[in-house]
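Single-structure report; data block below.
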């Protein structure tokens, strides 16, 4: 039950109890005969009582009981850990637990959503606001696929920034470009459309199975290349809807918009895709659009789930396999994510399957997200992230949140720089 509802119910019962006790009239046992005797000077014993006192007392006891029970549950419910679910074909769960953030009740479970993507290997629509964590989840999902299967992974990345090259290092073929730098360049966009169509045809015709194609930034592709998107991409997408899964082809399509009209896919056509949606406390508008566009996706009623998230942005996710909102794990950023230039040279040619190194292990330790240094805990990271989003100055963050003043201020500046890098890498 929502914490607000619990508190409001207890407070409402208490208030009702007070109002009933104050407004209930006082009655006596006097009769007309008693009044006559009293007027003749006789002594008459009078007993006064409030008829609703028992009701008001009962409501007060119930309200206090509800409040006490809730507080007891909050303080004693478990040891603050939740099981980690890592879906695999051979083993649905593994016996690991992970701690919730300090002072927050643990959820029933934490689910590794990147492992869900890899295990399903189905056409999937992945949606969420910018900088919310879609990229890191997809990148870790690709690494999970490569570690489990002999599966070629191809990527179309319209925002192929050098700082994110290492995210896509395991991909066998990459068609990477910076589309935003060519808005309105008709000649370039026409040629690019031909290359993208050819890239998709080649992916489909390769003999290897299973195989995975990841296409990022659908919204940008539609906005900047509307003709190619409508005339070429949508027909290709519909082919994958009808025959991709039968032929062991999986397509992960990543987009900011959750509305069917924004990506030119009807609700019926979209039903062949799994859905992965990522939200955080600041994405209310995206959540409203998502729930309006997808029947059956529930709204988040209890903000506690955001507090249970281990991601720097307090992200949570909905996957159609689970049918509920779940708190996100924190994932390690691929080594070299600040600029692995060599990855860009592989665009347009076949590569070989690459093994996943130990550094690409996706799961955090049972106590603290493994992406964090020893001097930084998750609550501090979340506080700094919120402060940055709210426009709080670096000076205030260093002194008030990190607690580094005077001679330690310079150390605080260095730590804040590192924290900003962590937030950026996990966005």
Pick from the stretch 282-297, criterion outside any helix (DSSP H, G or I) and at pLDDT 90 or above, ranking: farthest from the chain's Cα centre (by Cα): 297
Need the failing condition index for residue 392 against (1) modelled with pLDDT of 80 or more; (2) buried (at least 19 other Cβ atoms within 10 Å of the Cβ), just the number. (2)
Look at residue 163 and say whether it is in the same structural domain as residue 128 (by TED's automatic domain parsing) and touching a residue at least 60 places away in the same chain (Cβ under 8 Å). yes
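One line per residue, one yes/no per condition, for (1) over 14 Å from residue 313 (Cβ atoms); (2) at pLDDT 50 or above; (3) touching a helix residue (DSSP H, G or I) at 6+ places or on another chain (Cβ under 8 Å):
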site: 365; (1), (2), (3): yes, no, no
site: 370; (1), (2), (3): yes, no, no
site: 373; (1), (2), (3): yes, yes, yes
site: 388; (1), (2), (3): no, yes, yes
Would you mind stating whether residue 321 is modelled with pLDDT under 90, in the same structural domain as residue 114 (by TED's automatic domain parsing), touching a helix residue (DSSP H, G or I) at 6+ places or on another chain (Cβ under 8 Å) and not in a strand (DSSP E or B)? no
Verdict on residue 126 being crowded, with 23+ Cβ neighbours inside 10 Å, at pLDDT 95 or above and part of a strand (DSSP E or B): yes
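Determine whether residue 164 is at pLDDT 95 or above and at negative phi.
The answer is no for residue 164.
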May I ask you to verify whether residue 351 is modelled with pLDDT under 95, in a helix (DSSP H, G or I) and touching a strand residue (DSSP E or B) at 6+ places or on another chain (Cβ under 9 Å)? no
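The values are calculated or read from the model by the stated rules, or taken from the named source; none is laboratory data. This structure is a prediction, so every number in the text was calculated from the model and none was measured. Positions of Cβ are generated from backbone atoms using ideal geometry, with glycine treated the same way; all protein chains shown enter the neighbour counts.
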